[in-house]
1. Compute log10 of I(q)/I(0) for region 4-178 with the Debye formula, placing one identical point scatterer on every Cα and leaving out solvent, at q = 0.10 Å⁻¹, to two decimals.
2. Could you work out the local net charge near T63, counting Lys and Arg as +1, Asp and Glu as -1, over the other residues with Cβ closer than 14 Å to its Cβ?
3. Taking the chain as the reference, fit the longest principal axis to its C-alpha atoms, fit the long axis of helix 213-223 to the helix C-alpha atoms, and give the angle between the two in degrees, 0 to 90, nearest 10.
4. Which Cα, out of T197, L234, A311, lies furthest along the positive dipole direction of the chain (beta carbon charges, K/R +1, D/E -1)?
5. Cα atoms only: what Rg and Dmax, in Å, come out for the chain?
6. Using a Gaussian network model of the chain with C-alpha springs under 10 Å, which one of N152, N255, N207 is most mobile by mean-square fluctuation?
7. Run the quick spin-label model on D164 and D147: label points 7 Å from Cα toward the beta carbon, then report their separation in nm to one decimal.
8. What's the extension gain from E244 to T256 if we count 0.36 nm per residue and subtract their Cα-Cα distance?
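Computed from the coordinates by the stated procedures, all read-outs in this text should not be read as laboratory data. Predicted model only: the values in this text are computed from it and were never measured. So basically every Cβ, Gly included, is an ideal-geometry build from the backbone, and we count neighbours across all protein chains shown.
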Amino acid sequence: MSNIRLHDKSFRPFIDYEKIEEAIDQVAIKINNDFNGSKDVPVLLCVLNGSILFTAELMKRLTFNCEIVCIKLSSYVGMQSTGEVRDIIGMTGSVRGKRVIVVEDIIDSGRTIANLIKMMEANGATETRICTMLFKPGCYKLDKKIDYVGMNIPDDFIVGFGLDYDGLGRNFKDIYVLDNNMKYYILFGPPGAGKGTQAASMAERFNLCHISTGDLLRGEMAKGSELGLKAKALIEGGNLVPDEIVEGMIENKFNTVEGVSGFLLDGFPRTIAQAEALDRMLAKKGEKVSGVVSLMIPDEMIKERIRHRAAIEGRADDASDETIANRIKTYHEKTEPLVEFYKKTGAYNEIDGIGTIEEVRDRISALMEKI
Ligand code: AMP
């Protein structure tokens, strides 16, 4: 088996068809044990499009009378920070008074099956069991135990055997995983922690595109563009500019910069909503945050460093004590909660930001080598 190419991405072999068949055999044995001899006719609910192949293979192996109903859920990314919205398109038959076995190709967070369970109840199913070919235990957030699992897999982006990347790849009988060399690092920390200084040398060292939202916004201000004018008062007051503005800038860079091994984000995300938007942007590309490098310094040092920088760079938002105080307040209120956000995803790494530029640089680069 060799790599396959779908759209702009390469995928390497991950699970071969023989293993998939063995897993389906095992699932079918368990379901047959539970349902053989029962008097009712349970419904297999095939969740389109991903579970078409799995449902077909599973159904061939079932030895009790059962029916099939298909359902299609559409997911799209909404404009609101609440994130993904799911919308039912249709169900091809009735589940009223029936026991239902939901057949999924893959379960990660569990959001889809939580919706499906509610839908089955609302449509009069007497019982809902969940069966999935692939399960990502590291991502699963529900209390409900999955009744039948083919295989556990890590949190990787996969295609084949019904699963797609932007419409392609469902027809492959083996499963492939994204052959991903692109890195997405976040350099995190309070204002004045030294993110800008360190980001420049890390970008060079690891061939990354350094995206500083602060620099991009200052560039717009210098040009006197509409966006720059909008941002000016907010920046000079020590406040954040609206999420949509910075998110648009970031996505534009992701989609246009070429020839780099990844991206180093500096000053983004700065709110939970931005972090969620980033996850959605990356998920669309089959990517995720590779790691967060958090540069930590105490509040007293933030003020001292910003005053020092003001003398060198002459930034308007470094000029007054009031603006500096507001930026620190904004950091604690809106940005610091990201520490917990990224601790939960396992991407968070903290570095002591106290020391000379070279000392801190060596700490960051040793960490980034490991990520
Ligand atoms: P920085 O150069 O990263 O200190 O950013 C300077 C200013 O630009 C911040 O104080 C904000 O007003 C604005 N800014 C930069 N990045 C963001 C962001 N991700 N979200 C909202 N505002 C931002």
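1. Log-scaled intensity ratios, in q order: -0.38.
2. Working: positive: K30, K60, R61; negative: D25, D34.
That sum, taken over residues with Cβ under 14 Å, equals +1.
3. Its long axis makes an angle of about 60 degrees.
4. Positive-end residue among those listed: L234.
5. 24.9, 82
6. N255
7. The two pseudo-label positions are separated by 2.8 nm.
8. Length gained between E244 and T256: 2.5 nm.
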